[in-house]
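Below: one structure, written as structure tokens.
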Amino acid sequence: MIILNKKFNEIEKNISKIQKVKGRSLWHDARVRFFKNKAAVVSLTTLFLVLLFSFLGPIFAKWSNEEIDWSVLGDISTLGYPSIETGHYFGTDELGRDLFSRVIQGTKISLMVGIVGALIAVVVGTIYGATAGYFGGRIDSIMMRIVDILMSIPYMFVLILLLVIFGRSILMLFIGIGLVSWLDMARIVRGQTLSIKKKEYVEAAITIGVSHFTIIRRHIIPNLLGVVAVYATLLVPGMILTESFISFLGLGVQEPNTSWGALISEGAGTMRYGTLWQLLFPLFFFVISLFSFFFIGDGLRDALDPKDR
Amino acid sequence: MINFILKRISIAIPTILILIIISFILMHSAPGGPFTSEKPLPEQVLKNINAKYGLDQPMYIQMYNYITGIIFNFDFGPSFRYKDRSVNDLIAQGFPVTLKYGSWSFIIAVFFGVSLGVIAAIRQNSYLDYLSVGFSVSAQVLPNFVMAPILVLIFTLWLGWLPGGGWEGGKIQFVIMPVIALSTSYMASIARLTRSSMLEVLNSNFIRTARAKGIPKYKIIFSHALKPTLLPVISYLGPAFVGMITGSVVIDMYFSTGGIGLHFVNGALNRDYSTIMGITILIGCLTITFNLLVDIIYAWIDPKIRYDS
């Protein structure tokens, strides 16, 4: 009896020990895998630093982005170079404005366009794709045919058409980018939904009479989040590229606002006069941020995609 | 096969019509007519001008005239800014230029992209492979509007080898930089796609069988592995084509090559509605036709597609 009791006690202890071990969720596993990926971690840090720069930079700036430094205005190429003494850490632009502050402003706007654009794409694309995939049949084929048609339109041209007609403003840029950016997302989400729909838990939900809307909200969308997260991080640089492209042409963000594309365009236009810093500083931030987004996206895909494990 | 082609054409035609209708409605919902300016014209003059361009008719008649004009006469109407030139003149002047450097870029991107990808896959984990992967990763963040100033900086300002812009009837030294700037990022994407696709194919059973039979390696690669490898590459050609046509706007702007992109941006900056609309529609039709071709080629290579859909 005593021996048996002892045994039971031990078993009890063991059981309580086992129960103390935390369950490993998909997201926990993914996080561990993600942080093992060096490129992704470095990128995450870089991106964090860029964000920090755009928020804390103004504290260190001696000039605001709208002030004109009249003392260098006459001869930018010899006086407007980057220096700590004059307070123009990145030099000045063609109009004698402080490039450090301009780059901060551009970074903020470009990142905002990227993130907001991706957010619109995620929300609209996920709902659209999940609906099409879940209902299937005729609804699906009509909805996806619409996506096909919209996708084969050269959207950059339509976007510029929109900007010309309704005026060039950041709001219009958001609307225009939002209109076209969700298409890929909708396709990817639909494909995933088709496979999730056949899972037993969805079948179970249908049999106990859960409404379609609730099934999509509670069962389909949470299981899509992995794919959506990966694709969203890859969408952000895509949006930034689109915005920069349009701003490079002078059709996007308007003065006094600026963005990476607009700054690169300015720098590219004036580099013939020997003011190379006007091109290189914005280009540097543009390149490292895009790199970071791409590597984070890759890292997330490796972490969340069970196929490659 | 014929069924497949007919089905695709039956999607392409309504797509083109929708594109035309969307841009037409967009143009007409623009605040103010094309002839409203800051100095208001006398009412009778405005009336006469509107009558000349047919703008006094109801909208559906205008739309009907516009669409039939495009379809039957390939006529995009007059330019609203240049009184002496029609949109057709602008296109006829700019299109050959765009076509020349565009098709070179396309050929170069596909040829070198595929070769690079195949070499990288055959010599996996060699220095050549790392070089090609490194190139394709970095070219992601070097879109045409970043490449163009960098190329000018190196080859025009530092080395002085190539002229920084102009066209001169398409002499070789004027074509080189536009082609490199336009093709680099697509070459990189194609190389990436080819590499991963080739690696997957090389690991499949039929290649192992071929190897077991003692077929020489180059023959396995060219007559067994290449065809399935190219499938994802072919489906990427559509987006690459759109991207390059869009990129040509930047090339025309930056290198002053005088292609249709230049007219597009000028039209956009001057609010020359009929020009941007005409170019948008033309490019839309080109894109849709090209996608149709790609689909047909794809179905021709891969019978699965032909019979599934």
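The values are calculated or read from the model by the stated rules, or taken from the named source; none is laboratory data. Here the structure is a predicted model, which is why all the values come from computation and not from measurement. Note: ideal-geometry Cβ built from the backbone for every residue, glycine included; neighbour counts use all protein chains shown. Only protein heavy atoms, including side chains, enter the accessible area calculation; ligands, DNA and RNA are left aside. Shrake-Rupley method; radii C 1.70, N 1.55, O 1.52, S 1.80 Å.
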Return the pair list, or none, for Cβ contacts closer than 8 Å from residues in the stretch B:150-165 that are away from chain A (no Cβ under 11 Å) to residues that are open to solvent by less than 50 Å² (accessible area, probe 1.4 Å) and not in a helix (DSSP H, G or I), at least 6 apart or on different chains. B:PHE155/B:LEU162
Among the residues of the stretch A:256-273 satisfying the criterion of being open to solvent by 10 Å² or more (accessible area, probe 1.4 Å) and more than 9 Å from chain B (Cβ to nearest Cβ), which is farthest from the chain's Cα centre (by Cα)? A:TYR273
Just need a number here: residues in the stretch A:151-175 that are under 21 Å from B:ALA240 (Cα atoms) and either part of a helix (DSSP H, G or I) or of a type in the set (Lys, Arg) (or both). 7
Scan the stretch B:218-241 and give yes if some residue there is buried (at least 20 other Cβ atoms within 10 Å of the Cβ), β-branched (Val, Ile, Thr) and either touching a strand residue (DSSP E or B) at 6+ places or on another chain (Cβ under 8 Å) or facing chain A (nearest Cβ under 9 Å) (or both), otherwise no. no
Flagged in the stretch A:95-151 as under 22 Å from A:LEU183 (Cβ atoms), of a type in the set (Lys, Arg) and out of contact with any helix residue (DSSP H, G or I) (no Cβ under 9 Å at 6 or more places or on another chain), in numbering order, are A:ARG138
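Determine, yes or no, whether A:GLU85 is farther than 30 Å from A:LEU235 by Cβ, modelled with pLDDT under 75, open to solvent by 90 Å² or more (accessible area, probe 1.4 Å) and not basic (Lys, Arg).
In short, yes.
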Taking the stretch B:146-188 and the residues there that are in a loop (DSSP other than H, G, I, E, B), open to solvent by 40 Å² or more (accessible area, probe 1.4 Å) and of a type in the set (A, V, I, L, M, F, W, C), the one that is nearest to B:THR98 (Cα to Cα) would be B:TRP161
Scope the stretch B:271-290; condition open to solvent by 10 Å² or more (accessible area, probe 1.4 Å) and either more than 9 Å from chain A (Cβ to nearest Cβ) or free of Cβ contacts under 8 Å to residues at least 60 places away in the same chain (or both); matching residues: B:LEU282, B:CYS285, B:LEU286, B:THR289, B:PHE290
Return the only residue of A:LEU79, A:LEU111, A:LEU95 being open to solvent by 10 Å² or more (accessible area, probe 1.4 Å), without any contact (Cβ under 8 Å) to a residue 24 or more places away in the chain, more than 14 Å from chain B (Cβ to nearest Cβ) and over 30 Å from B:PHE290 (Cβ atoms). A:LEU79
Matching residues, the stretch B:252-269, being within 11 Å of chain A (Cβ to nearest Cβ) and under 20 Å from B:LEU157 (Cα atoms): B:ASP252, B:MET253, B:TYR254
Pairs where the first residue, in the stretch A:276-290, is facing another protein chain (nearest Cβ under 7 Å) and the second is open to solvent by 30 Å² or more (accessible area, probe 1.4 Å), C-beta under 8 Å, 6+ apart: A:VAL287/B:LEU142; A:LEU290/A:LEU241; A:LEU290/B:GLN140
Residues being away from chain B (no Cβ under 14 Å) and surrounded by fewer than 19 Cβ atoms within 10 Å (Cβ to Cβ): count how many of those fall in the stretch A:228-253. 1
Name the helices (runs of 4 or more DSSP H) wholly within the stretch B:208-309 that hold at least 3 residues that are of a type in the set (Ser, Thr, Tyr) and within 16 Å of the chain's Cα centre (by Cα)? B:226-255, B:273-301
Confirm whether B:VAL141 is over 19 Å from A:LEU290 (Cβ atoms), at the interface with another protein chain (Cβ under 8 Å from one of its Cβ atoms) and surrounded by 19 or more Cβ atoms within 10 Å (Cβ to Cβ). no
Residues that are without any contact (Cβ under 8 Å) to a residue 12 or more places away in the chain, out of contact with any Leu (no Cβ under 6 Å at 6 or more places or on another chain), more than 21 Å from B:VAL118 (Cα to Cα) and open to solvent by less than 30 Å² (accessible area, probe 1.4 Å): does the stretch B:244-252 have at least one? yes
Which numbered condition A:ALA121 misses (of (1) more than 14 Å from chain B (Cβ to nearest Cβ); (2) open to solvent by 40 Å² or more (accessible area, probe 1.4 Å); (3) modelled with pLDDT of 85 or more): (2)
Identify, please: which residue in the stretch B:77-107 is of a type in the set (Val, Ile, Thr) and either surrounded by 17 or more Cβ atoms within 10 Å (Cβ to Cβ) or under 14 Å from B:ASP272 (Cβ atoms) (or both) and is, among those, modelled with the lowest pLDDT? B:VAL87
Going through the stretch A:280-299 one residue at a time, which ones are at pLDDT 85 or above, farther than 14 Å from A:SER110 by Cα and either hydrophobic (A, V, I, L, M, F, W, C) or surrounded by fewer than 21 Cβ atoms within 10 Å (Cβ to Cβ) (or both)? A:LEU280, A:PHE281, A:PHE291, A:PHE294, A:PHE295, A:ILE296
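Residues in the stretch A:25-46: is at least one at pLDDT below 75 and surrounded by fewer than 17 Cβ atoms within 10 Å (Cβ to Cβ)?
Checking the stretch A:25-46: at least one residue is at pLDDT below 75 and surrounded by fewer than 17 Cβ atoms within 10 Å (Cβ to Cβ).
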